[in-house]
Amino acid sequence: MDFIELAKRRYSCRNYIDKKVEREKIERCLEASRLAPSAVNAQPWKFIIVENPELKDKVARETFDTVASFNKFSLKAPVLVVLINENPTMTSFLGRFAHGRDFSLIDMGIIASHFCLKATEEGLGTCILGWFNEKNVKNILKIPKTKTVSLIITLGYPADQVRNKKRKSLESIREYA
């Protein structure tokens, strides 16, 4: 499908049907992410694919609590993709120090976007979660304390139809200089 059509079809899916996601589809999404650019080609990422139902539910329960229950839908997703920010290379570390910007966070956004767009092309739904209890997620998945959990992506077959996006007009966000 054309890229603009793909971008229109991708949305934050919060309702999934009870259907297993094929490993081949997950692998193609990971391959799309692996090919993403990163600052100084550091590729500071690792993915943990959580598809074991009991483990997945434990991680999902760390994306909401009694006060902030908006991610409770994560329990319905058959797969959670946990994005780990690996230790930076020396070059990216020096770049962060010199410019005061953590480029690996930008890299994580790029790979998440690649993953979600490929998932959409595969007929899957995704939602990128930034709200979760990182300490508990790290304990559940045995992630070393030196690593950072950047994002969690829910993944599965959407139960809802694609809806029209509400976005600002091009004219309101564009300026040529």
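FYI, it's all coordinate maths here, none of it is from the lab. These numbers were taken from a predicted model, which means no experiment stands behind them. Heads up, the Cβs are rebuilt from the backbone with ideal geometry, glycines too, and the neighbour counts pull from every protein chain shown.
Shape call for the range 109-177 from the C-alpha gyration tensor, a ≥ b ≥ c root eigenvalues: rounded (a/c under 1.5), prolate (a/b greater than b/c) or oblate? Note, shape of the range 109-177 comes out oblate.
A dipole drawn for the range 3-161 from +1 and -1 charges on Cβ atoms has a positive end, and of Ile48, Tyr157, Gly125 the residue lying farthest that way is Ile48. Dipole size of the chain about its Cα centre, with +1 on Lys/Arg Cβ and -1 on Asp/Glu Cβ: approximately 340 debye, rounded to the nearest 20. Only helices enter this figure: runs of n ≥ 4 DSSP H residues, each worth -39500 (n - 2.57), summed and divided by the residues of the chain, yield -11000 deg cm²/dmol at 222 nm to the nearest 500. Calculated on the Cα set of the range 3-161, radius of gyration then Dmax: 15.7, 48 Å. Annotation: amide H of Cys13 within the under-5 Å range of Thr126, Cys127, sequence separation 5 or more or interchain, hydrogens built in the peptide plane. Across the range 114-127, coupling constants 3J(HN,Hα) worked out from phi with the 6.51/-1.76/1.60 Karplus curve, θ = phi - 60°, read 4, 4, 5, 5, 5, 4, 4, 4, 7, x, 9, x, 9, 8 Hz, and Gly and Pro carry x. Counting only lysines at least 8 places from Lys25 when in the same chain, those with an alpha carbon closer than 24 Å to its own are Lys8, Lys46, Lys56, Lys58, Lys76, Lys118.
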